[in-house]
1. For region 10-272, what relative contact order do you get, as a whole percent, if you take Cα pairs closer than 8 Å and at least 6 residues apart?
2. At a Förster radius of 45 Å, what calculated FRET efficiency corresponds to the Cβ-Cβ distance of residue 177 and residue 5, to the nearest 0.05?
3. For a quick protection proxy, order the peptides 106-115, 214-223, 85-94 by their average other-Cβ count within 10 Å, most packed first.
4. For the chain, what does -39500 (n - 2.57) per DSSP helix run (n ≥ 4), summed and divided by total residues, give at 222 nm, in deg cm²/dmol to the nearest 500?
5. If we sort 17-26, 264-273 on the protection proxy, mean other Cβ atoms within 10 Å, highest first, what's the order?
6. Which semi-axes, in whole Å and largest first, does the equivalent ellipsoid of region 8-50 have when worked out from the alpha carbon gyration tensor as the square roots of 5 times its eigenvalues?
7. Using all alpha carbons of region 22-77, what is the percent of pairwise distances in each 10 Å bin, ordered from the shortest bin to the longest?
8. Please give the contour-minus-distance gain from residue 197 to residue 259: 0.36 nm per residue of separation, less the Cα-Cα distance, rounded to one decimal in nm.
Amino acid sequence: MAPTVPAFTPLQASLWLTLCGRALDNRLPLPILGDKMADEIVRKVDYDYKKLRIPSGSVISIAHRAKKLDEVAQRFLARNPDGVGLDLGAGLDSRVLRITPPPTADWYDIDLPEVMAARQDLLPAEATPHGISADLTGGAWLDSLPTDRPVVAVADGLIAFLSEQEMISLVGRIIDHFPSGEIAFNGYSTFAVRMQKIVPVAKVIREVTKFPGFNDPKTPERWHPKLKLAREILCTREPEVDRFPPFLRLMNRMSAPSAAVSRLGNTILVYRF
Ligand SMILES: C[S@@+](CC[C@H](N)C(=O)[O-])C[C@H]1O[C@@H](n2cnc3c(N)ncnc32)[C@H](O)[C@@H]1O
């Protein structure tokens, strides 16, 4: 018998969008990410992903941004094998299995208690080397983390659900806790905020999104004096576009020359401190 679909609040249930997006990418003839574990979980709980009405363009965006964030974390931990990786708002994602960090690094997945309980039920233990059940808008979750090792913190799909002030405090607490590191997340533009109000796929998260969005990738530099933009990844210019279906590939190729147009789509922002 299939395990029952965990009972989540609308905020927690936002994880189905990204999980199902990655699962559906895995079923494509040419997957962008190829996340077999996401596919396995969706099949295991027999989740009715059709009700989310995720368009094929969003499936690819979700998979693509996960791949780019994987690369940021993987490269950081390859350069800093004693480092600490954090997946902020990890949902049911098994990122650590995709990036296989060096054995000397430590990986932490953080999400709300109900989500972390579901991870234990649905994911193999190796997918959560260290799990922290916590509300990221509080500070206590950092107490058990080392203070003397470099950190890479990735937040895939989290930013939309925090207010700007909550995001600023979260970033500030990470910077004040660790000696150095990188913080990376998918960009959330004011255009994306406007689209959320109208596109059907965003219906399930509309009531729980709070972030106002920003367009200038340097905006977060104002959040903390130590925070500096290290890299803006415009996904239209990334090599995976070659594997996109023809229409999406064409749209990306046409957008790629303009940073402003590219920012209307998928971007990954990487900051260092
Ligand atoms: C869109 S989902 C993304 C999940 C995962 N990163 C992925 O890519 O599948 C957003 C996640 O952020 C978590 N989240 C939102 N606000 C949070 C908070 N204040 N503290 C901890 N987790 C939070 C939700 O529970 C959910 O799992």
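Every number in this text was worked out from the coordinates using simple rules, so none of it is lab data. Predicted model only: the values in this text are computed from it and were never measured. Glycine gets a Cβ as well: all are built from the backbone with ideal geometry, and neighbour counts include every protein chain shown.
1. Taking the mean separation of contacting Cα pairs over the length of region 10-272, I get 18 percent.
2. So, using R0 = 45 Å, E works out to roughly 0.80.
3. Ranked by mean Cβ neighbours within 10 Å, highest first: 85-94, 106-115, 214-223.
4. -11000 deg cm²/dmol
5. Top of the packing list down: 17-26, 264-273.
6. They are 19, 11, 8 Å, listed largest first.
7. The calculated distribution, bin by bin, is 24, 50, 23, 4.
8. Going from the current span to full extension adds 19.9 nm.
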